Amino acid sequence: MNIHEYQAKAIFNDSGVKVVKGIHCTSVDEALNAYDELNSDVVAVKSQIHAGGRGKGVLYDPKTNDLIMEGGVKIAFSKEEVGLYASSIIGKKLVTKQTGKEGKIVNNLYIESGCNISHEYYLALLIDREAKSVLIMGSTEGGVDIEEVAEKTPEAIHKIWADPLKGLESEDVVMFADSLGLKGKSKDELVEMVNALYAMFLERDCSMIEINPLVKSESGEIIALDGKVSFDDNADFRHPWRNNLRDLTEEEEVEIRANNYGLSYVKLDGNIGCLVNGAGLAMASMDVIKLYGSEPANFLDIGGGATRESITAAFEIILEDENVEGILVNIFGGIIQCDMVANSVIEASKEIGLDVPLVVRFSGTNHIEGTEILNKSDLNVYTATTLAEGAEKIVNLTRRGN
C-alpha cells in the first residue's frame, strides 16, 4: 500500500522526523488559502500522485492530451503564482517515468513552506530479504534518481543494516552520518532522524521509506523535504488506521474489485493470463511462461481461502484484458482443494463463455479428483501434471492460435 507525500509527512511529524509546514489541498481556492496560512514568501506547489519523478514529469490536459506544463512540482514566489501553478496542475494528467505514458490524474496538491537549502541528500529504509534486515541507504547525491547515482557514482551510496532482532546499532548510525560528511548539529540531527525512521519502519510495518531529497538547511537542520512511504499489506490487520490513508483514485478499478474478492491482482503487459494460489507459486508460474517464450498478462493470487465466487471473479478479471490469448491455472492444493477448483473452473468458464485456450495443472489435495473432473467435462481444457508441461502447453497453444 502506497500513500501520498502529504500523508507521509504527517506520519513523519508524529514520529519525530523534522519536516517543514505544509497544507493538503484539493482545489485552487484551497491552495490560495494555504499560501496565506503558511505566511511564507516562497512555497512549493506539489502534485500528489502515487509515483516518483513528479518534479520532472509533464502535465497534459486529460481530454485533449495537449501539453499544459513541464514539472509537477513548482516553486511559487507569490500568491498569483500559486494560483497559476495550482490551476495548471489540479485535474491534469501527470506523466512521469514511473506512471508510464498513461499518466495519473492529479486530484491532490501539497502547498509547502520554502526552505533555504544548503545541500540535498538521499535517504531510504528498505527490507533486505537476503540479509533478513532493514537496509538503510544514503547518498550525498540527493534530488536525482538513485538509479542514476548507482550507475554513475556507486561510491556515493552508503549503506548500513539493522537486524530487527538486535536493533539498530548506535555506532552504525554514527558511521553512516560520517559517511555523508555531516558534522556537528547536522550530524546529531541525522542520527536522531535515522533512529526515528527506523522505529517508525518497525512500528508501522513499512516496506519502504524514501526521502529524496533529504536536505541540510543553511542553519544546519536536517529536514525531510520529500516523503514516500509504502506499507506491508500483510500487516493490514494490525493497522486499521491505514484504511483512512487509502486513495482509491490512485488504484486501478480492476485491482480494487479483485481486492474485494480477496484476490491479489496486478495487470501486466503479456498475453498469458495466470490464475494461481500463493504469491511464490504465482511468481514461479510467470517465470516459466517467460522461459518458454511468452509473457504473463497478470499476477493473480487467489489465496488459500478461494471460493467458487472468487474464482469466477478471477476469470472475469483475466478475460477483461483484451491482450489475453490463453489462461494457465496452476493450483497447489492445501487448504484449498483441487476438486473444488475444478468445478469452479467449469462453472466459471460456462458462465463467462471462455473462448481462449485453457491449461490447468493441479498438485496437492485432491489433485487426482480435480484432474478427472476436468478431463470428463465437456470444457475445452488441457490438463498438465507439471508446471513446465503446463506452461509449455499454453505457450504453444497461443502461438498456434488454437
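Some points to look at:
- Gyration tensor over the Cα atoms of the range 253-400: the corresponding equivalent ellipsoid has semi-axes (square roots of 5 times the eigenvalues, largest first) of 19, 18, 15 Å.
- Principal semi-axes in Å for the range 21-113 [√(5λ), Cα gyration tensor, largest first]: 22, 12, 11
- When +1 charges are put on Lys and Arg Cβ atoms and -1 charges on Asp and Glu Cβ atoms, the dipole computed for the range 21-113 relative to its Cα centre reaches about 560 debye.
- Residues in the range 83-108 that a label on residue 69 would reach, taking backbone N under 14 Å of a point 7 Å out along Cα→Cβ: 83-95, 106-108
- Those aspartates and glutamates that a straight Cα-Cα span of less than 13 Å connects to residue 376, excepting residues fewer than 8 apart in one chain: 339
- A viscosity of 0.890 mPa s and a temperature of 25 °C, combined with the Kirkwood radius over Cα pairs in Stokes-Einstein, give a translational diffusion coefficient for the range 137-216 of 182 µm²/s.
- What the Cα atoms of the range 58-205 give is an Rg and a Dmax of 19.3, 56 Å.
- Label-point separation in nm, residue 249 to residue 295, each point 7 Å along Cα→Cβ: 3.1 nm
- Positive-end ranking of 82, 22, 98 along the dipole of the chain, with charges on Cβ about the Cα centre, is headed by 98.
- Gaussian network model of the chain, springs between alpha carbon atoms under 10 Å - residue of 52, 103, 293 with greatest fluctuation: 293
- Derived scalar couplings ³J(HN,Hα) [the range 17-26; Karplus, 6.51 cos²θ - 1.76 cosθ + 1.60; whole Hz; x for Gly, Pro]: 9, 6, 9, 8, 5, x, 9, 6, 9, 10
- Residue-averaged [θ]222 nm for the chain, counting only DSSP H segments that reach four residues, each worth -39500 (n - 2.57): -11000 deg cm²/dmol
- Equivalent ellipsoid, the chain (semi-axes from 5 times Cα gyration tensor eigenvalues, Å): 46, 26, 18
- Residues of type lysines that residue 159 reaches as a straight line, Cα spacing below 30 Å, ignoring anything fewer than 8 places off in the same chain: 9, 18, 21, 46, 56, 97, 132, 183, 185, 187, 216, 228
Throughout, read-outs are computed from the coordinates displayed, never taken from laboratory work. Here the structure is a predicted model, which means the values were calculated and not measured. Reconstructed Cβ throughout: ideal geometry from the backbone, glycine too, with neighbour counts over all protein chains shown.
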